[in-house]
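The values are calculated or read from the model by the stated rules, or taken from the named source; none is laboratory data. Here the structure is a predicted model, which is why all the values come from computation and not from measurement. Here the Cβ positions follow ideal geometry from the backbone for every residue, glycine too, while neighbour counts run over all protein chains shown.
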Amino acid sequence: MLGLIVATALAAEPAVTELDGGRRLLDGELPNGLRVTVLEDPQLPVVATQHWVHVGSAQEGPNERGFAHLFEHLMFGGTENVDAEAYARLHTAHGGYENAWTSFDETVYVSIVPPEVHAEVLAMEADRFQHLAVTAENLANEQRIVTEELRLRTQNDPFGRLAVRALEVALAGHPYGHAVTGTPEDVAGADLDLCRRFYETWYRPDHVHLVVAGPRAAEDVLADVERLYGAMTPSGTLPAQTPPVGTLPARLDLREDLPPVRVTGLAWRLPPTGAPDDATLELLFEALHGGEVDRPAERHVAETRRALHADTVHARLRAGGVFGIYSVSFFAPAKVAFRRLRRTVDEIGRLEWLTDDVLEAARRRLLLRRAQESWYADAVATAIGQAAWHHGDLGAWVDAEARLRAVTREDVVRAWRTWVGEAEAHEVLIRRGRPR
Amino acid sequence: MRTLLLVLALGAAPARAEVPEVAPSATAPVAVRQILPDGDRLVVVEDRRAPVVVVRLAFPLGTASAWARRQDAAFAWSRQLDDADRALRARADALAVQVDLWSDPGAAWLQLTCLRDDLPEALALVRDLLANDALDRGERRRAALAQRIGWRTGSKDPHVRLDRAVRQALYPDDHPVRDGADGPPRHRRGVAALVRTRDVIARAPGRVIGLAGDVSVEEVLPLLDSLLPPSEPPPADAAPDWGGPLPPEDRRERTVSLHRLTQVTLGFAREGLKLDDPHAAELLVATHVLGGHFYSRLTRALRHDGGQTYAAHAVWRQGMVSQPYLITTSTRAENAATAEATVRETLRRFMAEGLTQEELDDARGWLEGRDRFTAQGPGAALGRAMFEAVWGLPPGAVDQLRRRAAALTLDEVNGFVRSFFDPDAFVVVRVRPRGAGKR
């Protein structure tokens with residue numbers, strides 16, 4: 001790969017990396033702090049644009065639960081220059097797609113359009129990031145809409161209810177310890193002053209990473225971005241810092257209106273994303289349960305019939321993560337179910353299944369997924385945005401294959417022992433009953 | 001058991017719900033079709049952008065067949081990876097492929113995706129999977145029980161309950177659409193019987209072998225030797241037997257009550273058109289305008305104008321058998337009557353006034369613009385070509401539907417809208433909180 005210097009009006013010379021297949025990756029920063037990364041890929045038929053705003057539910061203060069998500073809705077309400085429908089219409093009229101999502105650590109605005117419309121999309125994006133119009137009327141309407149969404153996802157869905165209670169109990173006191181959609185009371189409490197403060201605090205160029213993936217020449221995209229976003233003024237504040245997830249409760253005991261089964265699980269804390277072990281952990285979990293064989297479930301169910309069903313899950317965020325194995329059984333008392341699960345974990349923890357062939361198969365699966373991802377502009381843009389924000393390093397995307405190849409079996413064994421084998425396991429018990 | 005708990009816990013809330021996908025089409029990549037010596041068909045979509053191959057096989061004996069339903073063919077097909085030694089699953093894992101097995105009205109399907117270099121071994125796995133006659137008895141029992149628990153778990157979800165109630169409202173008791181709507185699945189057949197059923201499916205004539213990605217017809221042909229067992233005619237009663245919906249006068253509103261709801265989920269339902277219906281193109285356009293995008297008629301009326309809902313959709317389950325056409329939304333329980341009236345009024349105005357020229361022009365732009373989105377990966381072109389092959393449609397039929405839709409005049413669309421979107425032609429289904437008063 002060659003690193004080239006491109007002369008622009010940026011704060012620093014952007015780095016240009018030549019990739020395979022005629023692709024180029026340009027990464028730079030405007031003087032106002034807006035980071036811009038453009039993947040120029042002549043084989044992509046459409047252009048994906050993502051604005052990664054570095055604010056999520058973890059940055060919400062007391063009585064502001066759900067506000068990052070509510071504000072995401074308000075970003076679609078029109079600007080001083082165009083009405084609310086114009087942005088959606090631009091996309092729909094060309095077969096395109098636009099949406100956004102809010103998570104614990106970020107709010108991401110997504111657009112996918114044919115290349116000939118992209119410059120117009122960028123203009124509209126820059127407009128709403130600088131001239132958003134929020135009125136009492138559209139705030140009130142979005143409060144109603146968001147409250148309906150909150151009801152849909154967390155009140156009227158048994159799994160949504162469980163998830164929210166699990167968060168509130170397991171992460172009480174931590175910024176992750178509430179649903180992204182918030183509470184009806186806090187959503188209703190938002191007012192125009194709060195909107196303005198939120199916009200002026202977070203929707204500033206030094207809290208945004210603009211990612212573009214498509215066939216347009218990277219320098220052309222960069223020129224558009226400089227022209228359209230260059231006048232934005234930075235906040236001058238540091239990026240949001242979320243404290244690491246600390247101690248978890250020894251046991252989480254939840255009830256929900258479910259069929260008459262018992263769910264028992266064991267969970268372990270994982271390090272935040274951006275840790276030195278990122279590639280090792282990715283390979284460990286892929287080898288453990290990413291393929292056709294979920295090894296803990298295979299051992300717990302198919303081989304030993306200790307439960308009716310089992311599954312392995314993991315997730316990582318900027319301030320921490322979790323790895324878990326859960327089982328579903330009918331009759332086994334909780335004590336027995338937990339004992340059986342610990343026995344399975346001990347057996348898996350001998351790592352006899354962790355052969356070089358298993359690791360190589362895991363690498364091939366990860367590379368297969370990455371190859372498939374390269375067909376889709378939005379998937380590539382998401383991977384780039386995540387590499388930068390969650391792993392703090394574009395190399396996590398650019399050099400993914402090399403990093404996976406560099407992980408040895410010894411690294412994987414060490415990671416298992418550090419984060420699972422020799423770490424404290426937390427118990428999760430979910431039983432049928434009145435939700436609590 | 002759903003594995004979404006952690007995803008929900010740690011997941012994200014998008015600005016709006018996903019709108020249903022309009023029938024996709026693309027002008028590139030291109031599907032190449034060929035008849036094989038034994039009468040099977042080959043479809044290849046060559047796309048060299050990534051060293052990946054999607055393999056998809058269609059066996060044209062699907063759930064539309066009464067024989068297939070009696071023989072629990074969908075369950076038999078789904079268990080093929082469960083050999084007694086667990087060796088097939090281990091091979092798939094070692095090959096870095098994930099095998100998907102499913103059935104729909106038209107066919108039983110097998111799909112896997114692999115790196116180009118692994119294609120010969122992946123096809124060998126397919127061959128051995130189709131020849132596996134040693135299903136694990138314990139796994140069969142476990143999977144059957146897990147499906148029943150899954151059905152009961154779904155009974156707590158208002159959207160699942162709405163879907164079941166819609167199917168009950170529109171179709172007679174013995175109609176295949178009702179499968180799973182009235183009670184949990186019961187898989188009683190033993191492994192020997194399941195293997196026999198699987199063999200009949202795997203040998204049914206008219207099979208379609210599809211590959212998309214870093215491969216050409218010339219490269220694939222030598223790899224197909226002995227991939228499939230010899231074909232044999234299926235039983236005489238294996239032909240599709242789908243039947244139609246209940247006559248309109250026999251359809252009744254349905255209301256389902258669930259504990260712990262704070263919303264009412266509404267459905268306005270009627271039978272949808274088949275994809276080869278003379279008015280399918282009109283329905284494609286009308287569905288987009290009525291409930292297929294963020295400023296559709298329904299979303300304007302229910303979300304943007306007053307915040308009654310987070311999402312409102314018109315959903316056309318496109319296919320070659322009659323399936324429900326559904327308009328759906330959810331709203332706070334105390335607003336149920338108002339939301340229902342809003343849907344009804346939106347339909348009434350849609351029927352009476354039809355589309356505007358601007359709406360038709362935007363819909364045309366949408367349909368024509370989708371080309372490049374569906375061309376992002378070769379799988380979409382493969383899927384369309386195989387769908388056409390399974391149902392005996394001429395090549396390009398799905399694309400032609402899109403072109404017809406894009407060429408419609410306002411009078412043509414609105415003539416159809418006037419007949420199809422009469423609110424009285426829709427039966428109403430509601431899922432509400434237990435204890436909520438009747439209307």
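Hey, can you tell me all the residues within the range A:258-288 that are farther than 19 Å from residue A:419 by Cβ, within 12 Å of chain B (Cβ to nearest Cβ) and out of contact with any Lys or Arg (no Cβ under 6 Å at 6 or more places or on another chain)?
Step one: of the range A:258-288, the residues farther than 19 Å from residue A:419 by Cβ are A:258-264.
Applying the additional criterion that residues be within 12 Å of chain B (Cβ to nearest Cβ) yields A:258-263.
Passing the criteria: A:261, A:263.
Kindly indicate the residue of the range A:72-83 that is farther than 18 Å from residue A:117 by Cα and of a type outside the set (D, E, K, R) and also farthest from the other protein chains (Cβ to nearest Cβ) among those meeting that condition.
Filtering the range A:72-83 for residues that are farther than 18 Å from residue A:117 by Cα and of a type outside the set (D, E, K, R), the one farthest from the other protein chains (Cβ to nearest Cβ) comes out as A:81.
Of all residues in the range A:291-303, how many are of a type outside the set (A, V, I, L, M), within 10 Å of another protein chain (Cβ to nearest Cβ) and in contact with a strand residue (DSSP E or B) (Cβ under 9 Å, 6 or more places away or on another chain)?
Counting residues in the range A:291-303 that are of a type outside the set (A, V, I, L, M), within 10 Å of another protein chain (Cβ to nearest Cβ) and in contact with a strand residue (DSSP E or B) (Cβ under 9 Å, 6 or more places away or on another chain) gives 3.
Would you point out the residue of the range B:43-89, among those that are free of Cβ contacts under 8 Å to residues at least 60 places away in the same chain, of a type in the set (D, E, K, R) and assigned to a helix (DSSP H, G or I), that is farthest from residue B:381 (Cα to Cα)?
B:70
Going residue by residue through the range A:190-203, is there one that turns out to be over 18 Å from the mean Cα position of the chain (by Cα), at the interface with chain B (Cβ under 9 Å from one of its Cβ atoms) and among the hydroxyl-bearing types (Ser, Thr, Tyr)?
Within the range A:190-203, not a single residue is over 18 Å from the mean Cα position of the chain (by Cα), at the interface with chain B (Cβ under 9 Å from one of its Cβ atoms) and among the hydroxyl-bearing types (Ser, Thr, Tyr).
Where in the range A:51-144 are there helices (runs of 4 or more DSSP H), lying fully within it, with 2 or more residues that are without any contact (Cβ under 8 Å) to a residue 12 or more places away in the chain? Explain how you work it out, then say what you get.
On the way: elements: A:67-74, A:84-92, A:118-130.
Result: A:84-92.
Can you pull out every residue in the range A:296-313 that is touching a residue at least 40 places away in the same chain (Cβ under 8 Å) and surrounded by fewer than 23 Cβ atoms within 10 Å (Cβ to Cβ)?
The answer is A:299, A:304, A:308.
Given the criteria surrounded by fewer than 17 Cβ atoms within 10 Å (Cβ to Cβ), within 14 Å of another protein chain (Cβ to nearest Cβ) and touching a residue at least 40 places away in the same chain (Cβ under 8 Å), does residue A:217 qualify?
No: the conditions fail for residue A:217.
Consider residue B:368 carefully, then state whether it is surrounded by fewer than 20 Cβ atoms within 10 Å (Cβ to Cβ), under 30 Å from residue A:371 (Cα atoms) and in contact with a helix residue (DSSP H, G or I) (Cβ under 7 Å, 6 or more places away or on another chain).
So residue B:368 passes the test.
Applying the selection to the range B:97-140, what residues are more than 13 Å from chain A (Cβ to nearest Cβ) and among the β-branched types (Val, Ile, Thr)?
If the condition is that a residue be more than 13 Å from chain A (Cβ to nearest Cβ) and among the β-branched types (Val, Ile, Thr), then B:126 is the only one that fits.
Within the range A:59-76, which residues are surrounded by fewer than 24 Cβ atoms within 10 Å (Cβ to Cβ) and more than 18 Å from residue A:204 (Cα to Cα)?
If the condition is that a residue be surrounded by fewer than 24 Cβ atoms within 10 Å (Cβ to Cβ) and more than 18 Å from residue A:204 (Cα to Cα), then A:61, A:62, A:63, A:64, A:65 are the ones that fit.
Among the residues of the range B:224-231, is any in contact with a helix residue (DSSP H, G or I) (Cβ under 7 Å, 6 or more places away or on another chain), surrounded by 15 or more Cβ atoms within 10 Å (Cβ to Cβ) and not in a loop (DSSP other than H, G, I, E, B)?
no
If I go through the range B:156-170 residue by residue, how many of them are facing chain A (nearest Cβ under 8 Å) and either touching a helix residue (DSSP H, G or I) at 6+ places or on another chain (Cβ under 6 Å) or without any contact (Cβ under 8 Å) to a residue 40 or more places away in the chain (or both)?
Qualifying residue count, the range B:156-170: 2.
Residue check: is residue A:351 closer than 30 Å to residue A:399 by Cα and away from chain B (no Cβ under 13 Å)?
yes
At least 3 residues that are within 14 Å of another protein chain (Cβ to nearest Cβ) and of a type in the set (A, V, I, L, M, F, W, C) in each: list the helices (runs of 4 or more DSSP H) lying fully within the range A:369-409 that qualify.
Where helices (runs of 4 or more DSSP H) fall fully within the range A:369-409 and carry at least 3 residues being within 14 Å of another protein chain (Cβ to nearest Cβ) and of a type in the set (A, V, I, L, M, F, W, C), they are A:377-390.
Only one residue in B:221, B:246, B:211, B:266 is modelled with pLDDT of 95 or more and part of a loop (DSSP other than H, G, I, E, B). Which one?
That would be B:246, the only listed residue that is modelled with pLDDT of 95 or more and part of a loop (DSSP other than H, G, I, E, B).
For the condition assigned to a loop (DSSP other than H, G, I, E, B), within 17 Å of the chain's Cα centre (by Cα) and touching a residue at least 60 places away in the same chain (Cβ under 8 Å), what is the one hit in A:274, A:291?
A:274
Run down B:260, B:297 and say which single residue is of a type in the set (D, E, K, R) and at positive phi.
B:260
Of the residues that sit in the range B:46-71 and are in contact with a helix residue (DSSP H, G or I) (Cβ under 7 Å, 6 or more places away or on another chain) and within 12 Å of another protein chain (Cβ to nearest Cβ), which one is surrounded by the most Cβ atoms within 10 Å (Cβ to Cβ)?
Filtering the range B:46-71 for residues that are in contact with a helix residue (DSSP H, G or I) (Cβ under 7 Å, 6 or more places away or on another chain) and within 12 Å of another protein chain (Cβ to nearest Cβ), the one surrounded by the most Cβ atoms within 10 Å (Cβ to Cβ) comes out as B:52.
In the range B:348-439, which helices (runs of 4 or more DSSP H) lie fully inside it and hold 2 or more residues that are within 14 Å of chain A (Cβ to nearest Cβ) and not polar (S, T, N, Q)?
B:357-374, B:379-391, B:397-406
If a residue has to be under 28 Å from the mean Cα position of the chain (by Cα) and part of a loop (DSSP other than H, G, I, E, B) to count, how many in the range A:294-306 make the cut?
1
Go through (1) surrounded by fewer than 22 Cβ atoms within 10 Å (Cβ to Cβ); (2) touching a residue at least 60 places away in the same chain (Cβ under 8 Å) and name the single condition residue A:176 misses.
(1)
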